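The values are calculated or read from the model by the stated rules, or taken from the named source; none is laboratory data. Source: prediction; values computed, not measured. Methodologically, a virtual Cβ is constructed for each residue, glycine included, from the backbone with ideal geometry; neighbour enumeration extends over all protein chains shown.
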Amino acid sequence: MILSIDFGTSNTAAALYTPDGQVRTLRLGARSDLMPSAVMLTEAGFLIGEAATRSAMLDPTRYEPSPKRRLSDGTVMLGDRFLPATDLAAEVLKDVLKKAARFTNQPVATVIMTHPDRWGPATIHQLKTAALASGIPEHTLAFVTEAHAAAWHYTTTGTPLSPGERLAVLDYGAGTCDVAVLEKSAVGFRVLVADGHEGLGGNDIDAHIWNWVTHQLAGSNPALAAELSSADGIRTQLSTQDRIREAKESLSEYPTAPIPVTGKTGDAVLTLTRNELNTLITRDLSRAVQLTHTLINQSGPPAPTRIYLTGGTSHIPHLHTLLTSVAPIATLDDPKTVVAKGAITAWLGTRGAQSPPPPRRVSTPPTPPPPT
């Protein structure tokens, strides 16, 4: 039994390799295979995932939506307590382990953790510290980079690559955007270049839609618009954020999507079109496309035969349109769970093989090793 955990900036996914040789996603949320990578400190202990996000309104100072992003901070203040950032990450991992235990009748032999290819030794060390604090035995712990996981998954379930051929992986999630260019070798893949943008992701797109909603309401329903920015309107704000995320996902399939806003001062239903959304987010998507183009140029010839997409934000059709000017796009499966499933395939495919050289970073200074 092998468990892989894709501990994400905003959401976490996991997969299991079972004795019958199948790789299956592990359902972590009540309505989805994903769960928010969020923690909420209460007097009774930690709430994780959806329970944490639902309780955030009770005391936002005790809520941390992205423990992964805080790993490099060392400590995080929740309420009136300073806690190691690795402890918050460990709580999320504990929850995944608990849910995995419900589906397994035997011990997990290996736990694979994924991480961005551009991470340096210090941040990887923090992730390892969190994994050990969650109760994962060190001798069972393995690491696979996110781009390797995606490359293995897509080329084993889709069109295989021959040694020397290249592909690019664009991982566009809720909180970050990472790109890597990989070359197929006889034993796996070698990352040639890797880089990314922190704070460029689906959360930023949600913020653009939020601004559009408040602008629309300012003209048609000023009282409801004021409620969206009022300290007394937390429930209205949280429910509207949920409706915005639903509309964003719906617009990947349909030309229009309703955004209901329900508050104490009244109700309204706004309609956002896909064209309007494209106008709001073109600048952000162009940054992702430009990063992909830059890294492909940095990697040198031959050019990648295709770009594979992972992360929930990669669903957006306008992103596909913009990327066609860079290289052909090939997508298979649910991009939100590709890394979790591919980590298992990558680990099985490279067992016993010599580790590939680390990627060459572009415009990213080297990270010093952790102190001994």
Residues of the stretch 98-120 satisfying the condition of being within 30 Å of Ala194 (Cα to Cα) and either under 20 Å from the mean Cα position of the chain (by Cα) or of a type in the set (A, V, I, L, M) (or both): Val111, Ile112, Met113, Thr114, His115, Pro116, Asp117, Arg118, Trp119, Gly120
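State all residues of the stretch 306-324 that are in contact (Cβ under 8 Å) with a residue 12 or more places away in the chain and out of contact with any strand residue (DSSP E or B) (no Cβ under 6 Å at 6 or more places or on another chain); if no residue qualifies, say none.
Gly312, His315, Ile316, Pro317, His318, Leu319, Leu322 - these are the residues of the stretch 306-324 that are in contact (Cβ under 8 Å) with a residue 12 or more places away in the chain and out of contact with any strand residue (DSSP E or B) (no Cβ under 6 Å at 6 or more places or on another chain).
Of all residues in the stretch 194-234, which are assigned to a helix (DSSP H, G or I), in contact with a Lys or Arg (Cβ under 8 Å, 6 or more places away or on another chain) and of a type outside the set (A, V, I, L, M, F, W, C)? Don't jump to the end; show me each part of the working.
Pass one, the stretch 194-234, residues assigned to a helix (DSSP H, G or I): 202-220, 222-227, 234.
Add one more test, that the residue is in contact with a Lys or Arg (Cβ under 8 Å, 6 or more places away or on another chain), and what stays is 202, 205-206, 209, 227.
Scanning the stretch 194-234 gives Gly202, Asp206, Glu227.
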Strands (runs of 3 or more DSSP E) contained entirely in the stretch 1-57, each with at least 2 residues that are aliphatic (A, V, I, L, M) and under 24 Å from Thr145 (Cβ atoms): 2-7, 11-17
Within the stretch 96-114, tally of residues that are more than 18 Å from Pro137 (Cβ to Cβ), touching a residue at least 40 places away in the same chain (Cβ under 8 Å) and not hydrophobic (A, V, I, L, M, F, W, C): 2
Filter result (exposed (fewer than 14 other Cβ atoms within 10 Å of the Cβ) and either touching a strand residue (DSSP E or B) at 6+ places or on another chain (Cβ under 6 Å) or not in a helix (DSSP H, G or I) (or both)) within the stretch 261-301: Lys264, Gly266, Asp267, Val269, Thr271, Thr273, Gly300, Pro301
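Do we have Asp80 as touching a residue at least 12 places away in the same chain (Cβ under 8 Å) and either in the same structural domain as Glu138 (by TED's automatic domain parsing) or more than 21 Å from the chain's Cα centre (by Cα) (or both) here? Step through it out loud before you land on a result.
Numbers: touching a residue at least 12 places away in the same chain (Cβ under 8 Å): no; either in the same structural domain as Glu138 (by TED's automatic domain parsing) or more than 21 Å from the chain's Cα centre (by Cα) (or both): yes.
Against the criterion (touching a residue at least 12 places away in the same chain (Cβ under 8 Å) and either in the same structural domain as Glu138 (by TED's automatic domain parsing) or more than 21 Å from the chain's Cα centre (by Cα) (or both)), Asp80 does not qualify.
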Wholly within the stretch 118-193, strands (runs of 3 or more DSSP E) carrying at least 1 residues that are among the acidic types (Asp, Glu): 166-172, 176-184
Filter pass, Ala147 being under 19 Å from the mean Cα position of the chain (by Cα), within 23 Å of Asp195 (Cα to Cα) and in the same structural domain as Leu26 (by TED's automatic domain parsing): yes
Candidates Pro67, Pro107 - the one that is surrounded by fewer than 19 Cβ atoms within 10 Å (Cβ to Cβ) and either β-branched (Val, Ile, Thr) or not in a helix (DSSP H, G or I) (or both): Pro107
Those residues of the stretch 225-274 which are more than 27 Å from Ile316 (Cβ to Cβ), in contact (Cβ under 8 Å) with a residue 24 or more places away in the chain and among the hydroxyl-bearing types (Ser, Thr, Tyr), in sequence order: Thr265
Long-range neighbours under 7 Å by Cβ, at least six apart or interchain, first residue in contact (Cβ under 8 Å) with a residue 12 or more places away in the chain within the stretch 50-68, second charged (D, E, K, R) and part of a helix (DSSP H, G or I): Met57/Arg235
Condition check for Thr155: surrounded by fewer than 20 Cβ atoms within 10 Å (Cβ to Cβ), on the phi < 0 side of the Ramachandran plot, among the hydroxyl-bearing types (Ser, Thr, Tyr) and in contact (Cβ under 8 Å) with a residue 24 or more places away in the chain: no
